[in-house]
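Peer 1: Dropping a structure here in structure tokens format, bear with me for questions.
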Ligand code: KIV
Ligand code: NA
């Protein structure tokens, strides 16, 4: 099974085959994504909240996300691996963006993702020229939306839709191989996607995108608190895990664990000889 390439994703768009992407943050979640047969994996800066316990994605640093990226790389064979560039690690200049992106490529990423357009489209162009594939991200961009009122739908007015269209045009012109649409009305995605030449991966953007991405912890039911409207929980692993650890605790306190089958043995004669 050859690794998925950015060209494979473009071919999937041409054929009308939906692209499946999920986040992963460590070896376990990478193995799950691999075994489930997804097409692409994002080491999202959502790791800040899902696994590191920070209040927003702005808190995670490059070094922290690189530790997680290498763990994912060790667990992944076939899916395309995309690294998410953390807040304040790429926006300032082309040189900064290149330096950070190269570290993610060295950690095993086939591509990197950056949030926003405007000057970020220039950063994207610089990376593409340097041979690093870039995934764009428009609509709700969490790094720019820290604070509760910021996490809301984008493109719910004609002005905002035109802004998204301009951003997409700039990112496509810069050479992005794909673009994430986050928290955009389904009808807006349906309006824009047919004119976009690269794969559009949606999260909260309805069924008209070329693929979907979800946060691993959201879809398996491991994230705490109220989930956004666009999350579908396919399992409730959180309560299962709490139940397992609680039963272990109860059996340990009742001296029911460990049972004989969990213990090692020594021949009786050896034990006798050891008595002094
Ligand atoms: O960090 C992340 O998980 C993301 C996806 C939701 C697109 O950026
Ligand atoms: Na992200």
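The values are calculated or read from the model by the stated rules, or taken from the named source; none is laboratory data. Just so you know, these numbers come straight off a predicted model, no measurement behind them. Glycine also receives a Cβ, built like all others from the backbone with ideal geometry; neighbour counts cover every protein chain displayed.
Peer 1: From the list 124, 117, which residue is in a loop (DSSP other than H, G, I, E, B), crowded, with 16+ Cβ neighbours inside 10 Å and touching a residue at least 40 places away in the same chain (Cβ under 8 Å)?
Peer 2: Residue meeting the stated conditions: 117.
Peer 1: Sticking with this structure for a sec: Answer with yes or no whether residue 195 is surrounded by fewer than 14 Cβ atoms within 10 Å (Cβ to Cβ) and more than 15 Å from ligand 1 (Cβ to nearest atom).
Peer 2: yes
Peer 1: Next up: Do we have any residue at all in the stretch 69-80 that's within 16 Å of ligand 2 (Cβ to nearest atom), assigned by TED's automatic domain parsing to the domain that holds residue 39 and assigned to a helix (DSSP H, G or I)?
Peer 2: So far as the stretch 69-80 goes, yes, one or more of its residues are within 16 Å of ligand 2 (Cβ to nearest atom), assigned by TED's automatic domain parsing to the domain that holds residue 39 and assigned to a helix (DSSP H, G or I).
Peer 1: Related question: Just for helices (runs of 4 or more DSSP H) wholly inside the stretch 6-56: which have at least 3 residues that are within 16 Å of ligand 2 (Cβ to nearest atom) and in the same structural domain as residue 141 (by TED's automatic domain parsing)?
Peer 2: 47-50
Peer 1: Among the residues of the stretch 141-168, how many are part of a loop (DSSP other than H, G, I, E, B) and either modelled with pLDDT of 95 or more or under 20 Å from the mean Cα position of the chain (by Cα) (or both)?
Peer 2: Residues meeting the conditions: 10.
Peer 1: Another question, if that's okay. For the stretch 108-137, how many residues meet the condition of being out of contact with any strand residue (DSSP E or B) (no Cβ under 7 Å at 6 or more places or on another chain) and at negative phi?
Peer 2: Here the count works out to 9.
Peer 1: Do we have any residue at all in the stretch 6-13 that's surrounded by 15 or more Cβ atoms within 10 Å (Cβ to Cβ) and in contact with a helix residue (DSSP H, G or I) (Cβ under 7 Å, 6 or more places away or on another chain)?
Peer 2: Checking the stretch 6-13: not a single residue is surrounded by 15 or more Cβ atoms within 10 Å (Cβ to Cβ) and in contact with a helix residue (DSSP H, G or I) (Cβ under 7 Å, 6 or more places away or on another chain).
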